[in-house]
Amino acid sequence: MLEGLRAAKVIGTSLEAEIQVVKNIKLNKIIDAFTPDELADIVIVSGFEWVDKPENLNLKNIYKDSETGFEMATGFTRGEKCPRCLSVMSK
């Protein structure tokens, strides 16, 4: 997913990306176990957000995994890059 953005020169590194994932029952353990900030750290992106339904995905690149049915969207994170951690921080 992120490799496609990198190849298209939308992002240079994964820390320039943000991800939205549609909640579903298969993900309940993850939803309950981690905050969005923790998940952003785990998947090495600057932003992570859960959305309730596919219509709420508002990032440009939308994906649906044919095997799992998971739906998600990715895009470039707007903001300033932190010189210490290299994450992109929204203003």
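The values are calculated or read from the model by the stated rules, or taken from the named source; none is laboratory data. This structure is a prediction, so every number in the text was calculated from the model and none was measured. Methodologically, a virtual Cβ is constructed for each residue, glycine included, from the backbone with ideal geometry; neighbour enumeration extends over all protein chains shown.
Residues in segment 68-86: is at least one among the aliphatic types (A, V, I, L, M), farther than 20 Å from Ala8 by Cα and at pLDDT 90 or above?
Our first condition is that a residue be among the aliphatic types (A, V, I, L, M); within segment 68-86, this holds for 72-73, 86.
Next cut, farther than 20 Å from Ala8 by Cα only: 86.
Within this subset, residues satisfying the condition of being at pLDDT 90 or above are none.
No; the residues of segment 68-86 include none that is among the aliphatic types (A, V, I, L, M), farther than 20 Å from Ala8 by Cα and at pLDDT 90 or above.
Does any residue of segment 73-83 turn out to be within 11 Å of the chain's Cα centre (by Cα) and either assigned to a helix (DSSP H, G or I) or exposed (fewer than 13 other Cβ atoms within 10 Å of the Cβ) (or both)? Scanning segment 73-83, I find no residue that is within 11 Å of the chain's Cα centre (by Cα) and either assigned to a helix (DSSP H, G or I) or exposed (fewer than 13 other Cβ atoms within 10 Å of the Cβ) (or both), so the answer is no.
Could you check segment 11-51 and list, in sequence order, the residues that are among the hydrophobic types (A, V, I, L, M, F, W, C) and more than 16 Å from Ser87 (Cα to Cα)? Hits for segment 11-51 are Val21, Val22, Ile25, Leu27, Ile30, Ile31, Ala33, Phe34, Trp50, Val51.
Scan segment 10-59 residue by residue and report those that are in a helix (DSSP H, G or I) and among the hydrophobic types (A, V, I, L, M, F, W, C). Listed by number, the residues that qualify are Leu15, Ile25, Leu27, Ile30, Ile31, Ala33, Leu39, Ala40, Ile42, Val43. Only residues that are of a type in the set (Val, Ile, Thr) and either touching a residue at least 60 places away in the same chain (Cβ under 8 Å) or more than 15 Å from Glu49 (Cα to Cα) (or both) were counted in segment 6-31, giving 4. Can you name the condition, by its number, that Asp65 falls short on among (1) surrounded by 13 or more Cβ atoms within 10 Å (Cβ to Cβ); (2) out of contact with any Leu (no Cβ under 9 Å at 6 or more places or on another chain)? Status for Asp65: all satisfied but (1).
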